[in-house]
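Values in this text are rule-based calculations from the coordinates and carry no lab data. What you see is a predicted model, and the numbers here were worked out from it, not measured in a lab. Reconstructed Cβ throughout: ideal geometry from the backbone, glycine too, with neighbour counts over all protein chains shown.
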Amino acid sequence: MTNNGRGRWPAVAAAGIGTLVALVAVVLVVNRSPGAPKQAPAPPVATGAADPAALVVDDGDVVEASGRVIAAPGKPARFCAPAPVPAIGRVDDAPPQCATGVDVTGVDAAKLADATVVKGVTVGQARLRGTWKAGVLHVTTQGPPVAAAQPAMDDSVPCATPKGGWKPGGGADSNAMHDYIYERHPDQFRPLRVAYPDGPPTGVTTGPQPTEVTVVEVVAGDVAKEEEQLRKLFDGNLCVVSAPGRPSIARQEQLRDQVSAGLDPLMSDPASGIWSVGGDDVFTVELMMLTPKLFEQLRAIGFDLLRVEPWLRPTVER
């Protein structure tokens, strides 16, 4: 989750809503007439094109996923979800295993991608499709794994390039602007973000760095007056835009509390299969699979606030 400057959200997965990892929605630059207030991007859509109900796995459904497969002699093969593995309590010389995963039948260990044998246990990668029945995935199709799509990080600048161009670098915040926004007026602003008009940093960080622009979204108040005040506090590249109707820093705190009340008990229960939650306005829930029971539990929290991303999900041909 985006840190609000107060150090309240430790980045530890699967230990409650405090594990939230930042989720940034794609920004759309809004055309405007000369002299009109600069407008912030449109708000994100919670579940994208996916209807949460279409992600529910019922007994007998055909499902698929990509992940690690562990095939130990004399035991059911395990198909492992990409959940974080706690380092505490791990025994280095123990055979490979995964707690967050499902038993599978019909896997051909000889056809696993990047297969290795560790302590007599075959470990490899695969994309598996099959029928979910009585808690076991009965594989009908096996192939090479498919990499999961990574969320797009927004590094766009929703402001025109100033006359003379952006300053090299970007300028360091002396904390005066940060204090003004986060501590004194959290109900008027959204969290700060850094944008890169020439593209984000790549490679080593010892050489010249790309130009940075600090983007400030104003949700309440006079944008022109706020920009004038902010420029007194920060001498770097600044892009101040209007964002009426979008959740402020203070509102995001309220949303975190609201979502936390419903998700913390679920994340504390390993049976839920939820391993991480992240977001500011909309919260992405990463989990093993969306069961009918879990669907109802998440619906009670509100799908308008949640983006559900199960690992094992129904195929298109369900």
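Taking the square root of 5 times each eigenvalue of the Cα gyration tensor, what semi-axes in Å does the equivalent ellipsoid of the stretch 185-254 have, largest first?
26, 15, 10
For the stretch 115-274, what does the convex hull of the Cα positions come to per residue, in cubic angstrom?
Dividing the Cα hull volume of the stretch 115-274 by its residue count gives 244 Å³.
Below 18 Å, Cα to Cα, which aspartates and glutamates can K133 reach? Residues fewer than 8 away in the same chain don't count.
Partners found: D58, D59, D61, E64, D103, E317.
Would you mind checking the stretch 51-88 for residues with the amide N under 12 Å from a putative spin-label position 7 Å along Cα→C-beta of T131?
Hits in the stretch 51-88 for T131 at 12 Å: 59-63.
On a full-extension model of 0.36 nm per residue, what is the gain between R299 and Q254, subtracting their alpha-carbon distance, rounded to one decimal in nm?
14.3 nm
What number do you get for the stretch 246-318 when its Cα radius of gyration is normalised by 2.2 N^0.38 Å, N = residues?
In units of the 2.2 N^0.38 Å rule of thumb, it is 1.14.
Evaluate Rg over Rh across the stretch 111-182, taking Cα atoms for both radii and Kirkwood's formula for Rh.
Radius of gyration over Kirkwood radius for the stretch 111-182 works out to 1.36.
For the stretch 187-318, which semi-axes, largest first and in whole Å, follow from the square roots of 5 times the eigenvalues of its Cα gyration tensor?
Working from the Cα gyration tensor, I get semi-axes of 37, 21, 13 Å.
Give me Rg over Rh for the stretch 145-202, both radii from the alpha carbons and Rh done the Kirkwood way, two decimal places.
Here Rg/Rh amounts to 1.08.
What are the ³J(HN,Hα) values, in whole Hz, obtained from phi via the Karplus relation 6.51 cos²θ - 1.76 cosθ + 1.60 with θ = phi - 60°, for each residue of the stretch 110-115 in sequence order, with x given for Gly and Pro?
6, 9, 5, 6, 6, 6
Normalising by the residue count of the stretch 210-318, find the relative contact order in percent from Cα pairs under 8 Å and 6+ residues apart.
RCO, the stretch 210-318: 19 percent.
Relative contact order for the stretch 106-147: what percent, with Cα pairs under 8 Å and sequence separation of 6 or more?
About 37 percent, as a whole number.
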